[in-house]
Amino acid sequence: MQPELCLHRIFEQQVELRPDAPAVSDDEEELTYHQLNERAARLAAAILRETSGPGVRVGLHLRRGNAVVVAILAVLKAGCTYVPLDPSYPAERVQYMADDASVELVLTDAGGEATAPAARRVLGIDASLWAEDAPRAAEVAVTADAPAYVIYTSGSSGTPKGVEVSHRNVTALLAACAKVVETDSSDVWTLFHSYCFDFSVWEFWGALAHGGKLVVVSAQAARSPEALLELLAAERVTVLNQVPSVFRYLSRAGTAPGSTGGARAALSLRYVIFGGEVVDVDAVREWRQVHGTATAFVNMYGITETTVFSTGRHLLAAEIDVPVGSPAPPGAADPSLNIGLPLDGFELAVLTAQGEPAAPGEIGEIHLAGPQVAIGYLNRPELTAERYPVLALPGQQPRRYYRSGDLAVVRPDGAIEYAGRADDQVKVNGYRIEIGEVEQALRTAPGVGDLVVVPTTSRVGERMLVAFYTAPVDSTPDDGLADRLTSHARAALPAFMVPGRFVRVPALPLSPSGKTDRRALAEQLR
């Protein structure tokens with residue numbers, strides 16, 4: 001991958017090489033590389049007409065479909081930065097992100113202008129924008145260091161924060177991952193994840209930068225493991241990216257009695273690539289016992305602030321071609337927690353609270369340096385300076401690192417084993433969530449006395465959030481507060497941040513230090 005090229009130029013190279021090859025498909029149509037490029041070039045011209053020119057930020061408020069792919073390419077061709085604004089998120093949150101990013105233009109679905117976030121200009125996308133007689137954008141000068149996108153993550157202050165990522169950051173990701181996952185123009189990828197989740201960046205460019213085909217998964221198929229299995233078979237998908245907790249459902253659907261044998265036989269998967277959570281090794285074992293060993297399973301660890309992935313490893317046959325429930329061999333790293341080695345170009349340092357390199361077996365915080373380290377937080381220079389410090393580690397020149405907040409242990413054999421979070425941030429279904437943001441949103445619900453959110457694990461092994469709350473002394477258990485709190489949560493937060501349970505308690509227990517005893521609350525669920 002050429003680091004000096006912008007992402008859309010890398011795509012255009014593939015257009016020249018294989019103009020008639022399939023590039024993207026959804027439930028309605030399939031586009032070749034030439035057709036996709038033409039649509040993007042004409043939409044780019046419309047973007048430049050509707051904005052003050054290259055360098056501005058453009059919001060994308062689009063449902064799943066080929067239009068998302070066209071729009072991302074068009075924004076980049078126009079020399080602009082795209083800002084995902086998922087329509088499934090609460091309107092207030094979407095408007096906050098649009099305002100915080102100062103988007104000049106919002107691209108939305110045709111007819112969706114009334115529900116799109118307010119901006120200087122809102123443009124509904126329809127076929128007239130890329131008709132054959134519509135003008136194409138002239139080439140815009142863009143450097144590889146220009147921002148390609150801003151993705152918002154959960155913020156501990158109670159508001160989301162935008163992470164600004166450059167073209168060069170993404171091309172470094174592609175080059176590094178090529179050493180772990182070998183793909184080419186014969187591969188078929190899915191765009192399974194929302195374009196508001198940075199996993200989508202890898203799915204998008206993993207396919208289009210290598211001349212492969214990208215299949216946009218519909219909202220219905222994304223919610224149904226059975227429908228996804230049928231899609232994987234019908235499209236002969238070879239590269240599937242999954243959050244482990246979502247793959248667990250897919251594995252169960254594919255291995256359950258009565259599941260479609262034809263779909264199982266037709267699967268063409270070469271890779272299943274995990275990210276966002278601890279791997280469910282037993283789900284992989286169950287899958288391989290039914291589907292065979294042709295599919296490689298890859299565990300990738302990464303963070304939005306360091307451009308999707310930072311480390312990776314293939315799960316070994318000795319770890320996954322064994323009976324369900326088999327423990328790791330004595331002295332070996334836990335295969336569910338072993339996040340492998342840094343990707344090519346990354347330096348990973350596990351540092352103690354004193355800033356010293358942790359000894360083998362000692363827990364420390366993961367710090368990352370390299371070409372994938374993002375530009376920083378949009379409009380938050382103080383937070384950027386705090387989370388992206390310049391460090392001079394022993395025997396090395398000063399470098400800019402990202403403090404991940406993730407804990408790890410370096411084992412004697414060099415394996416890096418994930419050891420949880422250093423703060424109140426958790427991952428649920430691959431989404432990074434600041435507990436403080438969820439609590440702040442829920443405490444404003446009418447009738448709530450006090451409230452804390454505790455991450456826990458459900459009976460079926462799913463990571464989930466539970467909200468414990470108190471109510472005024474004169475209220476009764478059947479006063480409807482639980483229903484009002486649930487409705488408030490769904491209106492104020494994206495679905496992935498809404499707690500799975502709301503538990504009313506007489507009072508929040510305190511630890512000996514006077515802090516809320518979250519462990520005691522979690523014990524109530526056992």
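Going by average Cβ neighbours within 10 Å, how do the peptides 215-222, 389-396 rank, with the highest at the top? List each step's numbers first, then the result.
Values: 215-222: 19.2, 389-396: 11.0.
Result, highest mean first: 215-222, 389-396.
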>> So the label point goes 7 Å from the Cα of Ala385 along Cα→C-beta, right? Which residues of segment 355-377 then have their backbone N under 18 Å from it?
In response: 375-377
>> Quick query: amide H of Ser166 versus all other amide H atoms, modeled in the peptide plane; which residues come in under 5 Å with a sequence gap of 5 or more or a different chain?
In response: Ala148, Ile375
>> Taking amide H atoms as placed 1.01 Å from N in the peptide plane, list the residues 5 or more away in sequence, or in a different chain, whose amide H sits under 5 Å from that of Gly345.
In response: none
> Once the Cα atoms of segment 268-427 are picked out, what are the Rg and Dmax in Å?
Replying inline: 17.0, 52
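Let's see if you can work this out: charge +1 on each Lys and Arg Cβ, -1 on each Asp and Glu Cβ, no other charges. What is the dipole magnitude of segment 425-523 about its Cα centre, in debye to the nearest 20?
Values: 12 positive and 11 negative charges, 83 e Å.
The calculated dipole for segment 425-523 is roughly 400 debye.
Tell me the net charge near Glu164. Cut-off is 14 Å between Cβ atoms, Glu164 excluded, with +1 for each Lys or Arg and -1 for each Asp or Glu.
Residues near Glu164 contribute +1 overall.
Using the Kirkwood radius over C-alpha pairs as Rh, can you work out the diffusion coefficient of segment 51-111 via Stokes-Einstein at 10 °C, viscosity 1.306 mPa s, in µm² per second?
The diffusion coefficient I find is 136 µm²/s.
Helix-only mean residue ellipticity at 222 nm, the chain, DSSP H runs n ≥ 4 weighted -39,500 (n - 2.57), per residue, nearest 500. What is it?
Numbers: 16 runs with 154 residues, N = 526.
Counting only the DSSP helices, I get -8500 deg cm²/dmol.
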> Gln289 to Ala114: extension gain in nm, 0.36 nm per residue of separation minus the Cα-Cα distance?
Replying inline: 58.0 nm
> What does the charge count near Pro135 come to, summing +1 for each Lys or Arg and -1 for each Asp or Glu among other residues with Cβ under 10 Å from its Cβ?
Replying inline: +2
> Given 37 °C and 0.692 mPa s, how large is the Stokes-Einstein diffusion coefficient of segment 425-523 in µm²/s, with Rh as the Kirkwood radius over Cα pairs?
Replying inline: 236 µm²/s
> Along the principal axes of its C-alpha atoms, what lengths does the chain span, in descending order and rounded to whole Å?
Replying inline: 71, 60, 55
>> Explain nothing, just the number: relative contact order of the chain, from Cα pairs under 8 Å at least 6 residues apart, as a whole percent.
In response: 11 percent
>> Take Ala127 and Arg400, extend 7 Å from each Cα along the Cα→Cβ direction, and tell me the distance between the two endpoints in nm.
In response: 4.6 nm
> How compact and how long is segment 341-421, expressed as Rg and Dmax of its alpha-carbon atoms in Å?
Replying inline: 12.8, 42
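Rounded to the nearest 5, what is the percent of antiparallel bridges among the DSSP beta bridges in segment 425-523?
Antiparallel bridges make up about 75 percent of those DSSP assigns within segment 425-523.
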>> Tell me the net charge near Thr307. Cut-off is 15 Å between Cβ atoms, Thr307 excluded, with +1 for each Lys or Arg and -1 for each Asp or Glu.
In response: -3
> Expressed in nm to one decimal, what extension gain is obtained for the pair Ser102 and Arg252 from 0.36 nm per residue of sequence separation less their Cα-Cα distance?
Replying inline: 49.6 nm
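Roughly what % antiparallel, to the nearest 5, for the DSSP beta bridges in the chain?
Values: 47 of 80 bridges.
In the chain, approximately 60 percent of DSSP beta bridges are antiparallel ones.
Could you list Ile320, Ile339, Ile375 so that the one with the fewest beta carbons within 10 Å of its beta carbon is first and the one with the most is last?
Details: Ile320 22, Ile339 25, Ile375 19.
If I rank by nearby Cβ atoms, fewest first, I get Ile375, Ile320, Ile339.
FYI, it's all coordinate maths here, none of it is from the lab. No experiment lies behind these values; they were computed from the predicted model shown. FYI the Cβ positions are ideal-geometry reconstructions off the backbone, even for glycines, and counts take in every protein chain you see.
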